[in-house]
Each structure stands twice: as structure tokens, then as C-alpha cells.
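Chemist: Structure below; questions to follow.
The values are calculated or read from the model by the stated rules, or taken from the named source; none is laboratory data. Computed from a predicted structure; not experimentally measured. Here the Cβ is made from the backbone with ideal geometry for all residues, glycine too, and neighbour counts use every protein chain on show.
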């Protein structure tokens, strides 16, 4: 059965900057989506910041197994209510794959609770992503490392919680290192952060990068849909409660996370 | 040197409900604060929802090593800007101890990224908190378990990320279990969630509960203050970069997490 | 494609104790194996302590995706060389499911590095295993909890490293709790510890228990076979090394973990 | 109060290889011990492979808060019974700091359960250890990174379980990366692996390296001594057990981990 993947792209640089337009005339999401579709394993939906509801309606999200996210210069324009909606779907079980500069997106920072800051530099240096998890489904078909001839540098300290599993660590020609592939589990959802993807290098044409994105879209996809919004009141104990001689009273009220 | 602890209390039930008023006439924060102060190891500041800026001014937070948080019926009234401020202080290195119904507070859910929902029931049942980490500083002086004769039940599944360290697991008379003591590290800060603390039982007069709160206030306190807001641009590589024959250009802009 | 499961049983209690013989005349491994085989998803091999090489020859292990382990009174009779062999297969990628009193087996303690001790009591008390990971493949088809009417009690503190993922926590009628379902990753292998399984209660006839065993056998099974025994010498750097003006010499020798 | 540190050195290369003898005429342990002693914070004991009982008698270990371990060419000569003894002390609460080629020591592999293999190369290349945990006590006084001009390379994949906390990641001039500072908790003990330390480079004269060793010796030291060898029988339930109508019998025997 095909994995339903929605690829969200800010889709601004491709319209305003010649270097990016040349590389990705129809947007990075189109290139990624076409590559995934070609494998025959995915049903692809494209979504962008300037679409109504950013292309992420309730219906689209309900039909998404894994959401891929790329953003950079317009993180601040993503509406809080859409971020809320995506967050709840991830907590229910939807996968989330965050690419490159998506580290600073509202949804990624929302899911992790940290600032997700990092060092950066753009001098077209060489990067080598070392595979630390050779038996993980995300690295299937990837050998010891991925080498990218020209990339933007991202350096530690990357302000993220300790990942549930560290998949890739990058070496940079200029002297830095970076946790470039990180798995996080939140609620019932799986999240994968993957570093490569700068808009001015042809990163999303690299076969190994595309393979990792495809693998992670499959691995993050799950069939469960379990809401965690409510705090269910369970007045009936499963076991008999001994009688107590105290008087007590409730100050509590049943609560729902989405009303807080 | 004394650990500087600020104890934040919603401080509403104590004013509106007789059962609570009787137990905590000056508020739960006062009782906890007095107990901590008596040890001689702490400087205590009290803060409440209805204080200006909820009692959590920049100055107060700058002088807080660990912030203790109790809230229940008015989570929604806590201003987003104060939550932002507390979050940044935690990421900088301030400790955060969240008590009982604080599981649904904005600040706890913000730090963890999940809904933090759980099952609950109020029938004054017995609880036994088993100590899973006998060598952790938070359980110093606590034996195999803490027994509380009458408590509100909190049951799994508790919607939290996998804790960095699980300290207590509760057994409830009515048949449930709960991860009652959980350590999380976020940014440069340490967070401890501790389950006991219902407003209608005299939980905050229990010596073992107070001991755990004191221990955790010390353990979460750190001297570092390291902001993680900026994504520093590091244009000068540490190593020599090989010359490349490609033309590239930057679409990037220096970014700061607090402007996103 | 069927998952190849080898079920290892100490197979002594069934021969020497009437109560056990009555429940499991051909051994617990036979009952588990039959149940798994009935699903059509598995190829089952049975192995026992008194078989030559404990039934775990190189060939058997090479053809095993997941090994299930039950032992109790004769842990000390398992030969070190067979433990070595199983350990290396797990590190290569074979799954390992350890049941109940297998917590004290050589292989489990070898994989974890801790004593794996726990509290215990046999008074036929009720146990409820709460599902903390409702979206994990191991709990597929299991609801909120599994209830067992009569079990041996295992209580904390369970001396194990922090699990990579905590799946079940048990509540016991007598007042204790236990981490009853724990995932560990070691080398390229996945390990699942599952508490139920006492020999004098009909635990391995319980449908939910069998479902969890089946799920975990699938989840732990992987196709990779990656040895981690060698420390490969890589004399040729991937990048050019700057010339240094120091004289240095190697005291090192190429090493292999299995010779240490 | 001074932290009691025992520094264990294989102490062979220093006797047989001129390059090493010249650097460390009285052994690496002497140089590290003197540096630690100079701070006034430690009581130092030196121990070596060729001492009776490898210098690690019951008495020495009973008086050790943290044990530092360096070994390389003679891992196989360390007696199993001494490894058993050290393992039990770590599980009781003694700290363990493993340096460099100690990755292949029996005690480190015993504590972790994996082969601890890695890539290596000796061409005197530059290493930069990036600090991923700026608020952790182990990195106190260390800035963003430690730079070592000439080192042996250790490269991923390092066959270790996911560390409880990742402290340093190394960049190597030749193109590799490595998890160079890793915290593990096992039983009641804390373990720190620290990569630097080759015998033919003057690594243990580097002030930052010595600072990290001193910090980790303090952080791993704990006052608790809690044995985890026994599986305590607790025949008396804490709660009343409902009467059942089944007959059951015990096949169990009280067990102790050190007899298995």
C-alpha cells in the first residue's frame, strides 16, 4: 500500500532568487515529490505557504501518513492555528520529516520545545554524513556515509533535546560537526530531522539524499490515529478501594489540552 | 551557597474552596516555601498568577536557579509572553520543577511539545511511589518508596516524550500505574516532573514529598546562563576550504529564534 | 515472508515438576511455537538446554531472525561459548525476546551489563500490564492493558539500563510496580524483555501475551547481518592531511573484539 | 572532601617502546595522577596490570569513588575475576572513566554489552572535539571545543549502545567523526568514555584534556553503595491479596546474580 506523503515547501526563494529558480523552477517540493513518486511507493501531495490554509487543511492532514517540511525565510508567516493542527496530527501518529532550514520552523520548535539554533556558514564546503545506525530502516541502501561536494555548513551546538536515536553525524570541510539525522518520538508520532537541503545547491537531486527522504517517509508513516488531547476521567476504579475516614472534595475539572 | 528557588502557584483554589483554604490558608506555595526555607539551603521567592506579570518579571527569573510550578484551573490565564520568558530561562539553564496538575500547564506542554494528558480519578485512594533511581540525587534520603494514604489517581498513558531518566513509578489502589517522577533536559536546563500534590489532600505537608521537592530544586539548579536564541553566523572556517568551481549564492538571513 | 523464530527453553521444570508438566507437557517452547505457527507468519525452530550445543548451533543461529529465550533454574549451565555466539548474532542484527525469569539469564545480563535483579513473590496475585506505547508495533492489537488473574510478582527496582523505549509497566495486586516491557538496541540488534511467563500459571495460553510475543518477534527481526567484531584499520585518510613536523610511532596493533 | 580516584594503567607501552617511555617515563597514570592531585580536589591511587590483583584489590576498590582505565595491547591479560569485581563496584555506585583505547577493554565491553569496535588510523592528524553539552558538569571550563594538533583517528561507527548523554563529537582532519565523550548509567554507577589519549602523542599533558578527566572523575563519583546482586524474595505483600481458587506451586528458587 502506498505511503501518503504531503510535501510542504515555503516556496518563496524559488520565485525571488535566480540561483534557486534555476535549480528548482517548480519548487523543491516538486523535485522531491517527483523522485518519491517514481519509486511507486508513494502518493504525493504538494503544499505551499501561499496556498489557502498553507495547503494543510484538515482533510489534507487526515490523508497524510508523513508530512515533509522545508521552510527558511518565512517561518514567521506560518499561522499558529495551522501549527496547532499539524502538531495534533503528529501527536496522533502522523510522521514528520523536517529538512535543513526547517530546523527553525515553528512546527519543529513546537514539537521539541527548544530553540533549535545552530552555527552556519555558506562557503560551498564539502560535507560527509556518517551513518551511525546501519541497521535502521532510515539508512537502508545507504553505505557508510553520504558525501556532498558543496553545502552550507551547520555546526554544533544544535539546540535540540537528546534525540531518541542519532542516525547521521556530519563532518564539514571547514572544521565543524553536526547531528544531521535525528529521530524523535512525540505522542504517537515519529519525527525525523535531516540536515541536507540548501536551496542554492542541487542537494535534492542527490540520489542518496532522496533515498534517505524516501526511507524516512516510510519509517515515520504509521496507521494509528490516537488523539492525546483529552485527560479522561475514570471515576470507576478497576480495583476495590478501601474505605477511608476522611472527607475530601474535588477542585478538579475535566480538562482537554486543546482548550488550555 | 543557597539555591534560589521561586515557587509559583496559581493560588486560586485556596481562595475559593473551603477544603483547600483550610489546608493551605496562605497558599500551597507558602507551605512548600516555608518547608524549604527551614532547611537553610534555599532562598525562597513566592509568585502567583494574580501578581503583576504573574510574579515572574525578568528580574525575578534572572535571580531564580529553580522555578517550582503548581497550576490547575487557570492554566489558560497564563500569558503567552510570560510562558515565552520562562521557556527561554529554562533553555538558558534555569531549573523547572513541575508539580501534579502542572502537567497541563502551558510551560510544561511548551517544553515537551506533547499534550501531557493522562487518566484521573478522585476517590482518596492509596498511592505508592516506587523509587527506580536509588542513586539519583533527587531520591537522596528516600527509601524504596513513598506511600501516600489518600491521593487523586493519575494513570497512564501519560502523553510525554520518553523521559531522559525515570525516577518514580506510582502504584494506585484502584489499579493504575503512572510515571510519577520524570527528568527531562531541554536546552541547558533541567526539568523534573513530580506527580504528588493534589490541593484537597495534605500532600505538601508530607516529609518525603517535601524532601523530593528540595532535592529536585537543588539538582535542577545550575550556574550556567547560556542563551540558545541566536543561530550564529560563522563566516570564517576553522580549516582551509578547497577552491570550488561553482558559483553559489546565499538566500539565507541571519536568524534569531525569538523573532520567528 | 515468514519470520524465522527460534524458541529456546531451559525445559527442565516441565520434566521434574508435576504442576508444570501438567500445564506444558511438551514444554513451554512447544506451546509458544504452536501458537506462533498458527498465525502463518512464522517458521518455528525449537531448542533446549539439553540439546547438543543447547540447540543453538552456528547454523541454527544463522537461520534465526529472532531468538526467544526462557530459562530459570539452570542459567548457570548455559555454556559461555554459546552465550558468546548468541551475543555476536544479536550484535549482527538478530532479534532477542527474553521472557520472564530469563531476566537472570547469562545472555540477557551479558547484553545489558547489569545484574538484572528484581523483587519477587509467588502468591498468585493479579497483574495488570499497562500499555505505555499504543503506537508501537509491539502493542498492535493490545488495548489499554493486559490483565492476568494469577501471576508471580516481579517488583522494582529492576536493575537494567534505562530502556531505549518503555512499552509496559505492571501493576500488582500486592502493591508493587514493574517495567514489564522494555526495548533495548545493542549493536545492530533489537532486544525486547517481556515479563509474563511463570511456569506454574497458564500464562503462555493467554491470547494477549501470545500476541505481544508474536508482535515482538516480528519487530525484532531484521534482514541486516553486520558484524561489529573488527576495528578496521583505515590507513588512507579521506581528506588530505597537512604535513606535521613531529615524529610519531605506532604502538597499536589491529584488534578484533573476539580475540580480546 | 576529596574525591578518591584510582588510575589504572596497563603500563606496558611505557616500558617497551622508546617513543612512549620518553613521553611518560613513569607511566601515563602517573602524569594524570599528578595533574589531578595538583588541583587539591583528589586523593590518587595508582594501579597497573602487573601489580598483584592488577592493583585492584577489594580494599582498593572499596576506597575508590571513581576508577580511571587506560589499556591497549594487553586487554586479554586482565583476569575475569577482576573484571567481575570492578563490574560489581560500578553497579554499586563507583564511577568509571574509560580513556581512549580502553574502548576495547574487558570492563568497558562488559558494562555495555557491545563490541565497542571503531575505525582507526595513525597519521598524526588534527582533531577537534566539539562540546555538545555546555551545561554539563563534565564540560565545566571547556569552551566550544578542544583542539588537538596530532592524534590517532577513531571513526564511526562506534559499536556502543546509544549513550545516555552525548557530550563530545570529534572532527578529524582526515574526514571522519566520532562520539568522543559519552555518558552511560549502569546499575547505580556512572560511566564516562573519553576518546583522547594515544600513547605516542603528549595528550595527557594537554590542559583541557586533563580538565575533562578531572571534571568527569568528580561527576562520576557518588557516595551511594547499593548492591544489585540479589533478587530479594518479598513473601509478604504490601496490600491484601484476594483469595483465589486455584492451586499453584513454586518452581522458583531464590537467586543471586553472582552465582549464575
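Chemist: For segment C:56-72, enumerate the residues that are in contact with a strand residue (DSSP E or B) (Cβ under 7 Å, 6 or more places away or on another chain), surrounded by fewer than 21 Cβ atoms within 10 Å (Cβ to Cβ) and farther than 11 Å from residue C:86 by Cα.
Modeler: Within segment C:56-72, just C:63 meets the criteria.
Chemist: Return the total of residues in segment D:171-182 being farther than 25 Å from residue D:39 by Cα and within 14 Å of chain C (Cβ to nearest Cβ).
Modeler: So the count comes out to 8.
Chemist: Which condition from (1) at pLDDT 95 or above; (2) at negative phi; (3) out of contact with any strand residue (DSSP E or B) (no Cβ under 7 Å at 6 or more places or on another chain) is the one that residue D:200 breaks?
Modeler: Exception for residue D:200: condition (1).
Chemist: Could you tell me whether segment A:111-131 includes any residue that is surrounded by fewer than 23 Cβ atoms within 10 Å (Cβ to Cβ), within 14 Å of chain C (Cβ to nearest Cβ) and free of Cβ contacts under 8 Å to residues at least 40 places away in the same chain?
Modeler: yes
Chemist: Let me ask something else about it. Determine whether segment C:80-100 contains at least one residue that is over 28 Å from residue C:225 (Cα atoms), crowded, with 20+ Cβ neighbours inside 10 Å and touching a helix residue (DSSP H, G or I) at 6+ places or on another chain (Cβ under 8 Å).
Modeler: no
Chemist: With respect to the numbered conditions (1) at the interface with another protein chain (Cβ under 8 Å from one of its Cβ atoms); (2) more than 13 Å from residue A:219 (Cβ to Cβ), which one is the sole condition not fulfilled by residue A:185?
Modeler: All conditions pass for residue A:185, except number (2).
Chemist: Considering (1) over 30 Å from residue D:257 (Cβ atoms); (2) more than 14 Å from chain C (Cβ to nearest Cβ); (3) in contact (Cβ under 8 Å) with a residue 24 or more places away in the chain, say which one residue D:82 fails and leave the rest.
Modeler: (1)
Chemist: Quick check on my filter: what residues within segment A:205-260 are surrounded by fewer than 16 Cβ atoms within 10 Å (Cβ to Cβ), at pLDDT 75 or above and in a helix (DSSP H, G or I)?
Modeler: A:205, A:207
Chemist: Shifting gears a bit: If you take the residues in segment D:5-28 that are touching a residue at least 12 places away in the same chain (Cβ under 8 Å) and surrounded by fewer than 19 Cβ atoms within 10 Å (Cβ to Cβ), which one is farthest from residue D:101 (Cα to Cα)?
Modeler: D:26
So that you can scan it fast, the table gives a plain yes or no per residue for (1) outside any strand (DSSP E or B); (2) touching a strand residue (DSSP E or B) at 6+ places or on another chain (Cβ under 6 Å); (3) more than 18 Å from residue C:105 (Cβ to Cβ):
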position: C:6; (1), (2), (3): no, yes, no
position: C:11; (1), (2), (3): yes, yes, no
position: C:19; (1), (2), (3): yes, no, yes
position: C:22; (1), (2), (3): yes, no, yes
position: C:25; (1), (2), (3): yes, no, yes
position: C:29; (1), (2), (3): yes, yes, no
position: C:34; (1), (2), (3): yes, no, yes
position: C:40; (1), (2), (3): yes, no, yes
position: C:53; (1), (2), (3): yes, no, no
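Chemist: Going by the structure shown, is residue C:215 touching a helix residue (DSSP H, G or I) at 6+ places or on another chain (Cβ under 9 Å) and at the interface with another protein chain (Cβ under 7 Å from one of its Cβ atoms)? Walk me through it before giving the result.
Modeler: Numbers: touching a helix residue (DSSP H, G or I) at 6+ places or on another chain (Cβ under 9 Å): yes; at the interface with another protein chain (Cβ under 7 Å from one of its Cβ atoms): no.
Against the criterion (touching a helix residue (DSSP H, G or I) at 6+ places or on another chain (Cβ under 9 Å) and at the interface with another protein chain (Cβ under 7 Å from one of its Cβ atoms)), residue C:215 does not qualify.
Chemist: Of all residues in segment B:88-109, which are within 19 Å of residue B:57 (Cα to Cα) and out of contact with any strand residue (DSSP E or B) (no Cβ under 9 Å at 6 or more places or on another chain)?
Modeler: B:88, B:106
Chemist: Just one of A:181, A:187 is within 16 Å of the chain's Cα centre (by Cα), in contact (Cβ under 8 Å) with a residue 12 or more places away in the chain and on the phi > 0 side of the Ramachandran plot; which is it? Lay out the reasoning, then the answer.
Modeler: On the way: A:181 fails: on the phi > 0 side of the Ramachandran plot.
It is A:187.
Chemist: Further question: Looking at (1) within 14 Å of chain C (Cβ to nearest Cβ); (2) surrounded by fewer than 24 Cβ atoms within 10 Å (Cβ to Cβ); (3) in contact with a helix residue (DSSP H, G or I) (Cβ under 6 Å, 6 or more places away or on another chain); (4) closer than 27 Å to residue B:222 by Cβ, can you tell me which one residue D:202 breaks?
Modeler: (4)
Chemist: Based on this model, can you work out whether residue B:99 counts as under 21 Å from residue B:218 (Cα atoms) and within 12 Å of chain D (Cβ to nearest Cβ)?
Modeler: Working: under 21 Å from residue B:218 (Cα atoms): yes; within 12 Å of chain D (Cβ to nearest Cβ): no.
No, not satisfied.
Chemist: Listed residues B:138, B:146; which is within 14 Å of chain D (Cβ to nearest Cβ), touching a helix residue (DSSP H, G or I) at 6+ places or on another chain (Cβ under 8 Å) and more than 26 Å from residue B:186 (Cα to Cα)?
Modeler: From the options B:138, B:146, the qualifying one is B:146.
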